[in-house]
Amino acid sequence: MNWKLIIQLSAFGLIMAFATISLIPEKIEPAFWLVIFIFCAYVIAKVCTGKHFLHGFLVSLVNCVWITCTHIAFYSTYIAHHPSMAKMATDHPMLPTHPRAAMLLTGPVAGIISGLVLGLFAFIASKIVTKNVAVQ
């Protein structure tokens with residue numbers, strides 16, 4: 001496993017964590033994630049010699065940690081700019097009075113789902129992208 005690459009690529013998750021607090025509207029956030037996932041999949045396919053799916057999956061899990069922690073820490077500002085998330089938090093079946101705890105529970109689920117997507121992207125990219133081969 002290339003943990004250095006996983007941590008480096010997860011920097012996009014950290015950037016997005018802060019950018020989605022108040023800069024990037026929730027309507028266009030998926031477009032940013034699509035570009036990030038395509039770029040990460042390409043880099044994983046180009047750099048890694050194997051376990052492409054797992055690398056993509058782990059990048060998203062680390063992203064999930066950054067995003068969940070940041071959104072919980074800046075909850076008031078985040079919710080002010082994301083009304084659908086505010087509604088989802090109050091409608092949470094188990095923790096309607098504890099929206100931060102609800103985020104803490106749902107964040108890893110989103111991380112796993114996005115990990116499956118990025119893992120699939122990385123796997124597909126590994127079949128398309130040619131590797132860098134060192135010339136002797």
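Out of the stretch 97-132, which residues are among the charged types (D, E, K, R) and open to solvent by less than 90 Å² (accessible area, probe 1.4 Å)? Once the filter is applied, which keeps residues that are among the charged types (D, E, K, R) and open to solvent by less than 90 Å² (accessible area, probe 1.4 Å), the stretch 97-132 yields only 131. On the stretch given as the stretch 17-42, residues that are surrounded by 15 or more Cβ atoms within 10 Å (Cβ to Cβ) and assigned to a helix (DSSP H, G or I) total 11. Within the stretch 1-16, the set of residues being over 18 Å from residue 68 (Cα atoms) and assigned to a loop (DSSP other than H, G, I, E, B) comprises 1, 2.
The values are calculated or read from the model by the stated rules, or taken from the named source; none is laboratory data. This is a predicted model, so every value here is computed, not measured. Because the Cβ atoms are built from the backbone with ideal geometry, glycine has one as well, and the counts that use them run over all protein chains shown. Remember, those area values only see protein heavy atoms, side chains included, never the ligands or the DNA or RNA. Shrake-Rupley method; radii C 1.70, N 1.55, O 1.52, S 1.80 Å.
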